[in-house]
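Following: one structure in structure tokens, then a few remarks.
The values are calculated or read from the model by the stated rules, or taken from the named source; none is laboratory data. Computed from a prediction, not measured in an experiment: that's the story for all the values here. Using ideal geometry, Cβ is built from the backbone for each residue, glycine included, and neighbour counts are taken over all protein chains shown. Calculation scope for accessible area: heavy atoms of the full protein, side chains included, ligands and nucleic acids excluded. Shrake-Rupley method; radii C 1.70, N 1.55, O 1.52, S 1.80 Å.
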Amino acid sequence: MQFRSLKVHDAYAYTPRAFPDERGLFVAPLQEEAVLNTAGHPMRVAQTNHSVSKRGTIRGVHFADTPPGQAKYIYCPAGSLLDVVVDLRTGSPTYGQWDSVVLDAVDFRAMYVAEGLGHAFMALEDNTAMAYLCSEPYNPSGEHGISPLDPALGLPWPADITPIVSEKDRNAPTLAEAEAQGVLPSYEDCTAYYEKLRSAHR
């Protein structure tokens, strides 16, 4: 499996090898060794999520209180999507920056998003499926969002696709508003938590 660091610290993209034949195709989108080589610790899987979206659907930008937060490992088993990670950790050297990767059912690229980072995606075609593995179960009281349409963030949604956004996500605060409200994770708390996970693995 090939992997690379993204512009946002503690986020990575992976490209597994696919094995097509006359029967169809086999691929392993998640491989523990690749996560160990990037994050420095195994990824605990407490919950798996699966969504199916119409073309133009945007979900996110979502994040969780850290610690423990919620790391995510994301891939696309059907269709295609633009996956976006945003650094929401106050004090981070890449705070407010984002990076994006196209995930699809051709190359089966995947993305790892560490605890404290924001995650969003747009479906690029109808019936796009997203599968993501989460390090912690869903915790409604600890879940938050940033508006995916925040003009100051300038996320790279394709201009030729009309966005479909839930009322909750549309009404979420901007990054500046969330920072003023004090709901964003701190880089110091997040990095201390990452080190705790790495130490437990050593």
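The Cα-based radius of gyration and maximum Cα-Cα distance (Dmax) for the range 78-120 are 11.9, 37 Å.
With no solvent and one point per C-alpha, what does the Debye sum give as log10 I(q)/I(0) for the range 135-202 at q = 0.19 Å⁻¹? For the range 135-202, the Cα-only Debye profile gives -0.94. Phi angles across the range 53-59 convert, under the Karplus curve 6.51 cos²θ - 1.76 cosθ + 1.60 with θ = phi - 60°, into 3J(HN,Hα) values of 9, 6, 4, x, 5, 10, 10 Hz, Gly and Pro given as x. Near the amide H of Ala71, within less than 5 Å, lie the amide hydrogens of Glu115, Ser135, Glu136, all on another chain or at least 5 residues away, with H placed in the peptide plane. Among the chymotrypsin sites (Phe, Trp or Tyr not before Pro) found in the range 77-184, those both in a DSSP coil and sparsely packed, with 16 or fewer other Cβ atoms within 10 Å of their Cβ, are Tyr138.
Based on the Cα atoms of the range 111-161, what semi-axes does the equivalent ellipsoid have, where each is the square root of 5 times one gyration tensor eigenvalue, given in whole Å with the largest first?
Details: eigenvalues 100, 56, 21 Å².
Taking √(5λ) for each Cα gyration eigenvalue gives 22, 17, 10 Å.
Measuring nothing but alpha carbons in the range 98-140 and taking Rh as the Kirkwood radius, the Rg to Rh ratio lands at 0.96. Karplus-derived 3J(HN,Hα) values for the range 31-43, using 6.51 cos²θ - 1.76 cosθ + 1.60 with θ = phi - 60°, are 10, 4, 4, 5, 5, 4, 6, 10, 6, x, 7, x, 9 Hz; glycine and proline are entered as x. Our note on the geometry: Cα centres of the range 61-107 and the range 147-202, 9 Å apart. Based on every Cα atom in the chain, Rg and the maximum pairwise Cα distance Dmax equal 16.3, 56 Å. Of His119, His50, His41, which is the most mobile in a GNM of the chain whose springs link Cα atoms less than 10 angstrom apart? The residue with the greatest mean-square fluctuation here is His50.
Computed in the context of the full set of protein chains, the accessible area of the chain at 1.4 Å probe radius has 50% of its extent on carbon or sulfur. Rounded to the nearest 0.05, what FRET efficiency do Lys54 and Tyr138 give with R0 = 30 Å and r taken as the Cβ-Cβ distance? Could you check? In this case the efficiency is close to 0.85. Counting only protein heavy atoms and a 1.4 Å probe, the chain has 48 square angstrom of accessible area per residue. Can you compute the FRET efficiency between Thr162 and Ala46 using 1/(1 + (r/R0)^6), with r the Cβ-Cβ distance and R0 = 35 Å? Round to the nearest 0.05. It comes to 0.50.
With the Kirkwood sum run over all distinct C-alpha pairs, the range 1-64 has a hydrodynamic radius of 14.7 Å.
Can you order the peptides 156-163, 69-76 by their average number of other Cβ atoms within 10 Å per residue, highest first?
On the way: 156-163: 11.8, 69-76: 25.2.
Ranking, from highest mean packing down: 69-76, 156-163.
Three principal axis extents describe the C-alpha atoms of the range 23-120; from largest down they are 50, 33, 23 Å.
What does the net charge come to around Lys7 if you take all other residues with beta carbon closer than 12 Å to its beta carbon, with K and R at +1 and D and E at -1? Walk me through the intermediate numbers first.
Values: positive: Arg4; negative: Asp10, Asp87, Asp99.
Taking every other residue near Lys7 into account, the sum is -2.
In a simple Cβ point-charge model (Lys, Arg +1; Asp, Glu -1; nothing else charged), the range 132-202 has a dipole of about 300 debye relative to its Cα centre. Placing a label point 7 Å from the Cα of Ala18 along the Cα-to-Cβ direction, the residues of the range 112-137 with a backbone N closer than 14 Å are 129. Zone of Leu36 (label point 7 Å along Cα→Cβ, backbone N under 12 Å): which residues in the range 163-202? The answer is 201-202.
Taking only the C-alpha atoms of the range 89-202, the Rg (one decimal) and the largest Cα-Cα distance, Dmax (whole number), read 15.7, 48 Å.
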